[in-house]
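Comments concern the structure below.
Values in this text are rule-based calculations from the coordinates and carry no lab data. What you see is a predicted model; the values in this text were computed from it and never measured. For neighbour counting, all protein chains shown are included, and Cβ atoms are generated from backbone atoms with ideal geometry for every residue, glycine included.
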Amino acid sequence: MNFGIIAVILLYLAGVFVMGIVQGKGGGKSEKSYFTGNRTFGAWPTAISAGATNSSGWVFIGACGWSYAVGLYSMWMYVGFAIGGFVNYCIMAPYIRSESKKYDALSIVDLLNKKINAVWKTTGHAITLLGACILVLFFLPYMSTQLTSAGKTISSIVDINYNAALVLSGVFVIAYCFGGGYRSVIYTDLVQGLIMMTILIIAPFVTIFFILGGWGEFWRQLVAIDPMFAQYAHGATGKAGVSLVIGWLIYGLVTIGQPQVSQRFVTAKDNKTLRTVAMIGVLWTMATMIGSNLIGLCGRLIMPNLPDPEYVFPRMVAAHLPDAAVGIIIAAIFAAIMSTYSSQLMVAVQAVVEIMKVVNKRQYSNTEIVHISRIVMLICGALSLAIALMKIDSVFRLVNYAWNGVGAAFAPLMVFVLFFPKRVNPQGAFWGMLLGPVVSTGWYIAGYNRYISEIVPGVIVACCAIYLVSKLTEGKYAATPNMELMSETE
Amino acid sequence: MEIPIMVTIMYIVMPICHVLLFRAGLKYIPWPPEQDETGGGAG
């Protein structure tokens with residue numbers, strides 16, 4: 001490996017490290033500033049950080065690999081994310097922000113618990129506990145996929161063992177997260193997200209128009225390899241095609257239930273900021289979805305016989321680009337991985353702190369919160385590294401599993417709590433939040449996801465459980481719903 | 001050989017629809033009023 005590549009990567013990593021520490025300075029003065037940065041973030045940091053957190057190393061590794069395997073069909077993800085983004089940015093975001101401010105909630109789980117308690121005049125913590133446990137349970141494998149992406153990238157460029165590459169990436173990323181709180185995560189996300197976006201736009205453009213002979217020639221060659229690459233349902237017809245498409249649409253739609261993304265709306269400065277965030281979000285989704293799709297397809301033409309499609313982007317880069325460009329692109333992949341990993345780690349840490357507060361029945365001082373957070377960070381980081389070392393074969397599949405589990409737990413409940421609070425009482429919320437991910441995971445383990453994605457039954461069961469259990473247990477609550485609180489949204 | 005029609009739809013029409021959808025959403029969907037620091041509606 002050329003020293004030029006190493007120099008560019010090291011320079012980049014050092015820059016991000018320093019930036020994280022500088023931005024994180026003073027971030028631990030209080031729990032509020034550590035976890036929300038005092039809600040002062042403008043449109044670009046909010047939008048790019050939400051996008052980078054959402055997209056992750058998965059875009060460069062999993063999504064490119066999937067496009068390599070299935071062709072145009074992978075663009076259904078774009079449709080799903082466009083619709084999911086619309087609901088998230090144009091409908092959910094302003095309510096998440098205003099309600100979290102109203103109830104002084106620091107996180108999505110905190111918001112759900114506080115609003116349900118306020119509406120039903122209760123004081124329980126079951127939603128906080130269950131929500132936090134679900135987050136930790138699904139985020140650990142989710143975080144491990146980020147490290148797997150890093151391991152695959154490094155081991156395909158540098159001649160070192162995959163496990164060694166994993167451990168090196170893990171140690172660096174955990175050390176980087178250790179440096180600062182939410183503020184440093186947001187600002188490093190901004191820089192890293194912009195690099196990702198640039199690469200995702202430039203890489204396919206240059207490859208198609210300067211290496212593969214133009215847009216028409218590109219598609220002519222692809223269809224010559226396999227006409228399936230230009231088919232919208234990858235050969236599936238009738239009910240099979242429809243169920244595949246519905247699965248992807250709901251997959252995109254449950255973006256609304258991803259707390260690591262919604263947290264960005266909690267911390268945005270004002271509504272005007274959120275409107276700009278929505279339009280930047282459109283650009284982001286376009287760049288990541290179309291970019292990763294075209295990169296995968298370019299890879300199919302340039303390297304047609306890869307045993308593991310998820311190596312397509314790093315291998316293509318290493319084989320065909322000059323050293324400096326390789327260094328920059330590897331840095332961009334690392335950027336994607338670090339931005340998601342650090343955001344997920346923050347959400348997981350916040351969840352564990354919530355659990356500790358409920359279990360120990362006490363409030364912690366600000367210094368204690370910061371110290372506990374750092375210890376939890378180390379433990380969660382080490383656990384995710386251990387899962388990654390268990391040889392995950394597909395980043396794409398594991399990310400889907402975690403995404404669907406978290407989505408089934410939070411997306412239906414958030415819609416009920418924000419827009420139909422009269423229809424969801426504490427018990428309904430608890431069972432909906434529990435049964436959604438249980439059904440989604442069971443469906444996945446049973447292998448039924450080859451007929452329809454596990455997110456579909458997960459969301460349906462969660463919605464039914466929330467509504468029916470709330471209806472059946474209505475009489476158990478002495479107080480009727482607090483109508484004054486509900487009048488704003490229902 | 002002509003580029004398949006689905007390709008044109010996926011890569012050109014979809015992004016345009018995406019932008020139009022968001023612009024319409026931001027224009028016509030009502031948002032809650034801004035909250036002030038004490039939690040009351042600022043209107």
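Apply the Karplus curve 6.51 cos²θ - 1.76 cosθ + 1.60, θ = phi - 60°, to the phi angles in the stretch A:160-173 and return the couplings in whole Hz, x for Gly and Pro.
10, 4, 4, 5, 5, 4, 4, 5, 4, 4, x, 4, 5, 5
With +1 on the Cβ of every Lys and Arg and -1 on the Cβ of every Asp and Glu, and nothing else charged, how large is the dipole of the stretch A:228-336 about its Cα centre, in debye rounded to the nearest 20?
Charge dipole, the stretch A:228-336, about its Cα centre: 380 debye, nearest 20.
Take A:Cys464 and B:Leu21, extend 7 Å from each Cα along the Cα→Cβ direction, and tell me the distance between the two endpoints in nm.
2.8
Using the eigenvalues of the Cα gyration tensor, what equivalent ellipsoid semi-axes result for chain A when each is taken as the square root of five times the eigenvalue, whole Å, largest first?
37, 27, 19
Tell me, in nm to one decimal, what length is gained between A:Glu368 and A:Met356 on full extension, where the rule is 0.36 nm per residue of separation less the Cα-Cα distance?
Separation in residues times 0.36 nm, less the Cα-Cα distance, equals 3.1 nm.
Could you tell me which of A:Ile455, A:Gly80, A:Met289 has its Cα farthest along the dipole of the protein assembly as shown towards the positive end, charges placed at Cβ (Lys, Arg +1; Asp, Glu -1), taken about the Cα centre?
In the protein assembly as shown, that residue is A:Ile455.
Would you mind giving the mean number of other chain beta-carbons within 10 Å of the Cβ of each residue in A:90-98, as a whole number?
For peptide A:90-98, the averaged partner shielding equals 4.
Just need the relative contact order of the stretch A:142-275 here, percent rounded to a whole number, with Cα pairs under 8 Å and 6+ apart.
Once normalised by length, the contact order is 8 percent.
Compute the distance in nm between two label points, each set 7 Å from the Cα along the Cα-to-Cβ direction, one at A:Leu321 and one at A:Leu472.
It works out to 5.5 nm between the two label points.
Quick one: which residues, 5+ away or cross-chain, put their amide H under 5 Å from the amide H of A:Phe41? H built at 1.01 Å from N.
Residues meeting the criterion, in which the H sits 1.01 Å from N, are A:Lys269.
Looking at this model, which pairs from A:Lys101/A:Lys272; A:Lys115/A:Lys357; A:Lys272/B:Lys27; A:Lys115/A:Lys272; A:Lys357/A:Lys422 are more than 21 angstrom apart at the alpha-carbon?
With Cα atoms farther than 21 Å apart: A:Lys115/A:Lys272; A:Lys357/A:Lys422.
With everything on Cα atoms, drop me the angle between helix A:108-120 and the longest principal axis of chain A, reported from 0 to 90° to the nearest 10.
It works out to around 20 degrees.
Can you tell me the FRET efficiency between A:Asp159 and A:Ala224 if r is taken as the Cβ-Cβ distance and R0 is 51 Å, rounded to the nearest 0.05?
0.90
Sorting check: for A:77-88, A:51-62, A:317-328, which peptide has the highest mean count of neighbouring beta carbons within 10 Å, and how do the rest follow?
Answer by packing, highest mean first, reads A:51-62, A:77-88, A:317-328.
Taking only C-alpha pairs under 8 Å that are 6+ residues apart, what is the relative contact order of chain A in percent?
32
Output the 0 to 90 degree angle, nearest 10, between the alpha-carbon long axis of helix A:76-86 and the longest principal axis computed from the alpha carbons of chain A.
Between the helix axis and the principal axis of chain A, the angle is about 40 degrees.
Work out the length of the dipole vector of the protein assembly as shown about its Cα centre, built from +1 on the beta-carbon of each Lys and Arg and -1 on the beta-carbon of each Asp and Glu, and round it to the nearest 20 debye.
Once rounded to the nearest 20, the dipole reads 860 debye.
Which value in deg cm²/dmol, rounded to the nearest 500, describes the helix-derived mean residue ellipticity at 222 nm for chain A, given -39,500 (n - 2.57) per DSSP H run of n ≥ 4 and division by the residue count?
Calculated at 222 nm, the ellipticity per residue is -25000 deg cm²/dmol.
Helix A:43-55: angle to the longest alpha-carbon principal axis of chain A, degrees 0 to 90, nearest 10?
Tilt of helix A:43-55: around 70 degrees.
Whole Å is fine, so just give me how far the alpha carbon centre of the stretch A:57-83 lies from that of the stretch A:285-331.
Cα centres, the stretch A:57-83 to the stretch A:285-331: 13 Å.
Report, in whole Å, the centroid distance computed from the Cα atoms of the stretch A:122-145 and the stretch A:386-456.
Result: 12 Å between the Cα centres.
In percent, how large is the relative contact order of the stretch A:360-474, given Cα pairs closer than 8 Å and 6 or more residues apart?
28
Just going by the charge dipole of chain A, with Lys and Arg at +1 and Asp and Glu at -1 on Cβ, which of A:Ala63, A:Thr36, A:Thr53 is farthest out on the positive end?
A:Thr36
Can you pull out the trypsin sites (Lys or Arg not before Pro) in the stretch A:265-366 whose DSSP state is coil and whose Cβ has at most 10 other Cβ atoms within 10 Å?
Those satisfying the criteria are A:Lys361, A:Arg362.
How long is the gain from A:Phe419 to A:Thr198 if the chain were fully straight, where each residue apart is worth 0.36 nm and the alpha carbon distance is subtracted?
75.8 nm
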